[in-house]
Structures are given as C-alpha cells and as structure tokens.
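First comes the structure, then the notes that go with it.
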Amino acid sequence: MRVIAGKAKRLQLKTPKGMDTRPTTDRIKETLFNMIQDELYDIHFLDLFSGSGAIGIEALSRGAKDACFVEQNRIAADIIRQNLEVTHLTEQSEVFICSAVSSLSMLQKKDKFHVVFMDPPYGKGLELEILQNPLFYRILENKALVIVEADLETDLSDKKLTGFQILKEKIYKTNKHIFLEKIEMRTKD
C-alpha cells in the first residue's frame, strides 16, 4: 500500500498483519480521493477506525491542514505512527488509542472536523452507533462530509439519521462508500 498523490506521493505504508483490519485498496482509495479532492484543502480531517492510517495520511498528503486518527488496536496505532513518520506528517496529526465511541468526548476539545472517514468492522452496526451519537454531531462543522466504508449489505437509507442526509453511494465489487452531509437541525421555537 502506498500514498497515491500529494506531498507524500509514492511512499510505502505499513499495514497491520492479520485479519483485524481491512486496508482500503489503492484503486478504491484513488477513486474516493478523486471524488473528494476539492473538499480537502486546509481542512480538519478525522479518520475513525483508522487501521493503518492510510486514508487520513492520503488526506494530509493532498492538502488537509491536520488529521486525527482513532484506532483502538495498539499494534495498528503504532503502525499509524510509523506511517506518519515515514511520510513526514507527524506534526499535522494526532493518534488516539481508544474506541471510536469513547474518542468522541475527547474530540470535543479539538477543532471541528470538515471531513470524516470511518471504516468500522462490517456487520456490527458501529457506523450507526457513531452517526446517532449526539457527541459525533457536535464535533462536525456545518455541512461536514462524512464517508462510511461499509459492506454491500449495509443500508443507512432506512435508518433514522437525525442531522445527516445521504448524498450518494459509490458501490464497488466487495464494499461501498456512503457519503453523508451534516445538516442543521431545526429547533422548535
């Protein structure tokens, strides 16, 4: 796996051994970043369920101001740190070793995020648990873009996603990306 474009272009990234993480393939990563390239310049990026950190590193390489990585597996978190060193992006990043849900209270102290990528373990409903958590909504800028990598069976269109609208889905052979936008919630006067 490598960084595809930007200031860290072509640098090789390490990935955790075993089946606990599913690195996003270079082809899918390239398609994703071609779709969101215009959203990346000088933004705060959040990579939830980071694995090797490849998505957040790609965002930094392509112009994101900074990135936070959340990964509860200590071995994977160490690999993220190694990948950040190899790409010379350590100064623009912070790695949290904890679950995505528990990170939400810590992330309240950071700048609000413009783009979030989350790639939770498939079939456990973790993406919905995050999207329905009020703390998640509060760490996002208005109109923030949230991208969920999920298996082909995941359907968020029939779920109650207060504060988010689904913009589109990009379907690949084995998985898909669901693009959501944070919308302003109206309060009753």
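None of the figures in this text is laboratory data; all of them are computed from the coordinates on show. None of the values given here were measured: they were computed from a predicted structure. Cβ coordinates were reconstructed from backbone atoms using ideal geometry, including for glycine residues, and neighbour counts include every protein chain displayed.
Computed quantities for the displayed model
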item: Ordering of 66-75, 122-131 by burial proxy (mean other Cβ atoms within 10 Å per residue, highest first); result: 66-75, 122-131
item: Helical mean residue ellipticity (222 nm; -39500 (n - 2.57) per DSSP H run of 4+; nearest 500) of the chain; result: -7500 deg cm²/dmol
item: Between helix 74-86 and the chain: long-axis angle, C-alpha atoms, 0 to 90°, nearest 10; result: 60 degrees
item: Highest-MSF residue in the chain out of V148, V115, V86 [GNM, Cα springs under 10 Å]; result: V86
item: Electrostatic dipole magnitude of the chain [Cβ: Lys, Arg +1; Asp, Glu -1; Cα centre; debye, to 20]; result: 200 debye
item: Qualifying GluC sites (Glu not before Pro) in the stretch 130-189, DSSP loop, other Cβ atoms within 10 Å at most 10; result: E153, E184
item: Calculated on alpha-carbon atoms, Rg and Dmax of the chain in Å; result: 15.5, 54
item: Top positive-direction residue, dipole computed over the chain with Cβ charges, set A144, Y41, Q108; result: Y41
item: The stretch 129-189: trypsin sites (Lys or Arg not before Pro) in DSSP loop, at most 16 other beta carbons within 10 Å; result: K159, K160, K173, R186, K188
item: Sites K124 and R27 - FRET efficiency at Förster radius 22 Å, r taken between beta-carbons, to 0.05; result: 0.30
item: Net length gained if the chain between Y172 and C98 were fully extended (0.36 nm per residue, minus Cα distance); result: 23.7 nm
item: Cross-link table K17/K160; K14/K159; K109/K173; K112/K170, entries beyond 31 Å C-alpha to C-alpha; result: K17/K160; K14/K159; K109/K173
